[in-house]
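Below you'll find the structure, written out as structure tokens, and then a few comments.
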Amino acid sequence: MRYISTRGQAAPRDFEAVLLAGLAEDGGLFVPETWPVLSAAEWRAMRGLPYPALAARILALFGAGEMPLRAMCDEAYGGFGHPAVVPLVQLDHRCFALELFHGPTLAFKDMALQLLGRMFDHVLDKRGERVTIVGATSGDTGSAAIEACRDRSAIDIVILHPEGRTSEVQRRQMTSVLAPNVRNIAVKGDFDACQDLVKAMFNDAPFRTEMRLSAVNSINWARIAAQVPYYAAAALALGAPDREVAVSVPTGNFGNVLAAWVARRMGLPISHFIIGSNRNDILARFLASNDMSAQPVEPSLSPSMDIQVSSNFERLLFELLGRDGAATADTMTRFRAEGRMPVPDAAWREATALFRGFTLDDAGTLSEIRHLWTTGQYLADPHTAVGTAAARALAPEDAAIPVIVAATAHPAKFPDAVERATGIRPPLPARLADLYQREERFDVLPGDLGTIEAAVRAHARRNAA
Ligand SMILES: Cc1ncc(COP(=O)(O)O)c(C=O)c1O
Ligand SMILES: N[C@@H](CCOP(=O)(O)O)C(=O)O
């Protein structure tokens, strides 16, 4: 399997090269040259597989089969806190929470990053190479990436988070990892500023080459590929491919819902994608009225979704524009320059046929957490609550279609919001019980490219010395 860039100007390459490259040199995102599609019989044959076996089968379809995938998946998911890895919990007559937070850092990011850490190790060891990973986080990618990459000898990792805009648990999960190959930077700005800095480092060709930059954000195709298997597991468990399902995803950078879209593209009968947003609702506005215009990022009770520029939308846009790289590049350049994305009407209509957008403010989020708790359904974190409210509001008209809601974080990551809504302060699991006593280490830096590049360079040099 070969991968091409959404902007049409980068040389095609294989899975391992895409894993290491992260962002394409033309600024685009890698996507498969052709989508692997399975027949109904092939999907049926995967029903009942243990999760690591299912994940290995699906990743092999994306060209990762050169790696010892089965062993990697066994290792990556072996330490998860639930034997099913991604259990489905029934909430009501048709909604099911797909719990993606049983990994070491209590959010869905572990599903991909526990695997990516092992993939990086394998490929770097084979090639005798070393990389510097730079990542941006609104709270969860950072801790999952650090946990996956800490103490790995061929990796230096620098994570940028927006100062003061993550939950305390999220910040401490990152900044209390004192491994020498890890550096945390609190940027004076919001998540979009952090993500822009990461993309700017990739687009600075000499710096990118000098540092051998790699990515752990969902701009890296391997992240998306590793998020597809859990949608397959849930859909198969609910009767696919012989029954349609819908999916509701609390959404920020559009990576998680894109992985569900990929599962549909591969032949799973997913009727709709419901996108839940907090007050940073650029995607909901786009779906309602073709208004993809970035506004300033507003802090909310679901901080991981405090994002306005959803990177992975570019992958969907590329498909909506008939895989026309030049048109995608032009649209993205205009979005950057004008702050508004000019999506042609036909492409917008195609998107609205499949995607439904929903916005929930903080008051609504608290009331949804309270509703789920007092009706005995669930103790949800604020992100998951956006997804459950969206599912109830926008479920398909056909009541026979079950809705899978991505439960993206453990409630203990956001204890303040959960306590405000329910009076219950969910405890951290025993392995994190001393998190508030652990020493923290991070630098606070202004969000200018020169300063951040200098910090990344200094970190990489210190470790190479
Ligand atoms: C807990 C949680 N929920 C939802 C999201 C949004 O997911 P995505 O950025 O893939 O749309 C994030 C961040 O990515 C998250 O950490
Ligand atoms: N919500 C994310 C933001 C980054 O998203 P990613 O999926 O592109 O890594 C976070 O928690 O950091």
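The single condition among (1) open to solvent by less than 10 Å² (accessible area, probe 1.4 Å); (2) within 15 Å of ligand 2 (Cβ to nearest atom) that Gly189 does not satisfy is (1).
Only one of the listed residues (Pro180, Pro104) is touching a helix residue (DSSP H, G or I) at 6+ places or on another chain (Cβ under 7 Å) and over 21 Å from Arg457 (Cα atoms). That residue is Pro104.
List the strands (runs of 3 or more DSSP E) that sit entirely inside the stretch 137-238 and contain at least 3 residues that are of a type in the set (Ser, Thr, Tyr), over 18 Å from the mean Cα position of the chain (by Cα) and away from ligand 1 (no atom under 13 Å from the Cβ). Spell out how you get there, then give the answer.
Numbers: elements: 155-162, 182-188, 213-215.
Filter on the stretch 137-238 gives an empty set.
Evaluating His410 against the criteria (1) more than 15 Å from ligand 1 (Cβ to nearest atom); (2) of a type outside the set (Asp, Glu); (3) crowded, with 21+ Cβ neighbours inside 10 Å leaves one unmet condition, (1). Identification of helices (runs of 4 or more DSSP H) wholly contained in the stretch 1-72 with 1 or more residues that are more than 23 Å from the chain's Cα centre (by Cα) and surrounded by fewer than 21 Cβ atoms within 10 Å (Cβ to Cβ) yields 40-44. Residue count for the stretch 51-83, restricted to those that are in contact (Cβ under 8 Å) with a residue 12 or more places away in the chain and farther than 22 Å from Arg223 by Cβ: 0. Restricting attention to the stretch 254-289, the residues being away from ligand 1 (no atom under 16 Å from the Cβ), over 24 Å from Ala112 (Cα atoms) and touching a strand residue (DSSP E or B) at 6+ places or on another chain (Cβ under 9 Å) number 2.
Matching residues to (1) open to solvent by 60 Å² or more (accessible area, probe 1.4 Å); (2) among the hydroxyl-bearing types (Ser, Thr, Tyr); (3) under 21 Å from the mean Cα position of the chain (by Cα):
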| site | (1), (2), (3) |
| --- | --- |
| Glu338 | yes, no, no |
| Ile369 | no, no, no |
| Leu394 | no, no, no |
| Phe414 | no, no, yes |
| Ala421 | no, no, no |
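The values are calculated or read from the model by the stated rules, or taken from the named source; none is laboratory data. From a predicted model like this one, the values you see are computed outputs, not experimental measurements. Neighbour counts are summed over all protein chains in view; Cβ atoms, including those assigned to glycine, are modelled from backbone coordinates with ideal geometry. Surface areas here come from the heavy atoms of the whole protein model, side chains and all, with no ligands, DNA or RNA. Shrake-Rupley method; radii C 1.70, N 1.55, O 1.52, S 1.80 Å.
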